[in-house]
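The values are calculated or read from the model by the stated rules, or taken from the named source; none is laboratory data. Keep in mind it's a predicted model, so treat the numbers as computed, not measured. All Cβ positions, glycine included, derive from the backbone under ideal geometry; neighbour counts span all protein chains shown.
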Amino acid sequence: MPRPLPLLLVLIHLLLFALVHASLDSAIKLSGKLYFGTALDPRHLSDTRCEPIARREFGSITTENTLKWGETQRVRGNFTLEDAETVVGWAMGAGKTVRGHALVWHGGVPDWVEQIQTAEEMRSVLQAHITTVVSRFRGRLYAWDVVNEVFNDDGSWRESVFFRLLGAEYVRLAFRAANAADPEVKLYLNDYHIHHQGPKLDAVIRLAQDLRAEGVPIHGIGSQTHLVVADGNTPGMAQSLQHLATSTGLEIALTEVDVRIPQPANRRKLREQHGDYEYTVAACLAVPQCVGVTVWGISDRYSWVDDSEETRGYDAPLMWDVRYVKKLAYEGAMKGIEGRGRAPRRRRG
Ligand code: G3I
């Protein structure tokens with residue numbers, strides 16, 4: 001008659017194993033992070049194959065498009081927030097935390113904003129837009145991507161109507177307005193190509209240090225981390241993310257992770273994508289200040305990669321394929337979590 005203890009331990013171990021692997025979010029929470037998230041639009045919630053995956057696997061939702069200026073104030077003075085309410089309402093009802101994206105971005109700016117001619121009018125419009133939208137969701141969001149994609153890859157300021165009229169002041173104004181409208185929500189600066197050393201990472205660090213020195217309320221930096229499979233340009237990702245966190249004294253997050261594949265996708269590339277997801281998730285696990293990982297969507301059926309000029313010829317960046325079959329990339333992300341922050345393996349390049 002086996003002693004009851006070993007059998008009990010085996011059962012407990014099996015139960016724990018099942019719990020840990022119940023979802024990406026439960027696994028990453030057990031590893032001490034806040035969330036494993038995804039980006040959602042209303043169309044994903046009305047897709048009966050997508051919604052259950054969002055509900056089961058993820059603990060944080062980023063509003064992919066519904067809180068962008070082009071969706072929330074397409075016509076001056078007329079705020080259309082119903083679609084955002086749909087996403088935020090679903091997320092809160094499902095017990096998810098919510099990241100709002102993005103209050104100020106050069107992408108999708110309505111024509112009436114592009115046509116503003118004076119600094120004075122831009123200040124007033126920015127203040128009103130941010131105050132109205134942030135106030136509406138006060139107390140319901142974990143974080144806002146307040147300003148998105150401020151710099152060019154060479155570290156220079158990106159041209160936009162905001163920068164043209166106000167210079168760097170537009171960033172300070174945006175963060176202060178958001179904080180005044182919701183003093184509790186975390187305020188992030190979000191950008192891409194800052195997961196590796198370079199002039200853009202340096203520029204983001206300098207800006208964050210300046211903002212903090214001036215007492216501007218900023219709480220986090222989002223590294224979008226859009227990758228190309230086996231592109232090799234991200235050796236030392238964990239080290240770069242640690243440098244970002246240590247140099248700014250802020251929390252960081254991977255905010256838009258996906259790994260696009262040069263078409264046609266094949267088994268070799270899908271295996272490499274598995275490794276890239278493992279490497280990237282492990283990089284967040286290796287940095288104590290990295291609070292979580294958000295992938296930029298669930299299924300390849302909906303990814304931005306299919307619709308963008310800059311990604312023509314690429315495909316299949318996410319963890320579920322167009323038929324909602326789990327890909328090797330999912331196992332890679334789970335292995336990245338299980339590595340529990342061991343320095344991720346160096347990639348080729
Ligand atoms: O909602 C309309 C729909 O009514 C219309 O029929 C359809 C046809 O044009 O367009 C729909 O809007 C599209 C929207 O996605 C929702 O699907 C816009 O045209 C399209 O431009 C928009 O693309 C988004 C893109 O940002 C531009 O805003 C992508 O979904 C979104 O994944 C992508 O995400 C960005 C981040 O915000 C910032 N970082 C880079 C990332 C990838 O570009």
Check your understanding: Based on what the data block shows, is residue 104 β-branched (Val, Ile, Thr) and either in a strand (DSSP E or B) or more than 16 Å from the ligand (Cβ to nearest atom) (or both)?
Key -> yes
Review point. Which members of region 136-160 meet the condition of being surrounded by fewer than 17 Cβ atoms within 10 Å (Cβ to Cβ) and under 27 Å from residue 82 (Cβ atoms)?
Key: 138, 139, 140
Check your understanding: Wholly within region 211-267, which strands (runs of 3 or more DSSP E) include no fewer than the required count, namely at least 3 residues that are of a type in the set (D, E, K, R)?
Key -> 251-262
Study note, to complete from the structure: Counted residues in region 96-119 being among the charged types (D, E, K, R) and either touching a Ser or Thr at 6+ places or on another chain (Cβ under 6 Å) or surrounded by 19 or more Cβ atoms within 10 Å (Cβ to Cβ) (or both) come to 2
Review point. Restricting the search to region 81-101, which residues are touching a residue at least 12 places away in the same chain (Cβ under 8 Å), within 15 Å of the ligand (Cβ to nearest atom) and part of a helix (DSSP H, G or I)?
Key: 83, 84, 86, 87
Review point. Which residue, of 66, 62, is more than 22 Å from residue 128 (Cα to Cα) and within 15 Å of the ligand (Cβ to nearest atom)?
Key: 62
Exercise for review: Say whether the condition of being more than 18 Å from the chain's Cα centre (by Cα), crowded, with 20+ Cβ neighbours inside 10 Å and not in a helix (DSSP H, G or I) is met by at least one residue in region 168-189.
Suggested key: yes
Practice item. Assess whether residue 281 counts as being crowded, with 18+ Cβ neighbours inside 10 Å, at pLDDT 95 or above, assigned to a helix (DSSP H, G or I) and within 18 Å of the chain's Cα centre (by Cα). Key: yes
Check your understanding: Scanning region 69-80 for residues that are of a type in the set (A, V, I, L, M, F, W, C) and outside any strand (DSSP E or B), which turns out farthest from the ligand (Cβ to nearest atom)?
Key -> 79
Check your understanding: Taking the stated definitions as given, is residue 323 among the basic types (Lys, Arg) and within 16 Å of the ligand (Cβ to nearest atom)?
Key -> no
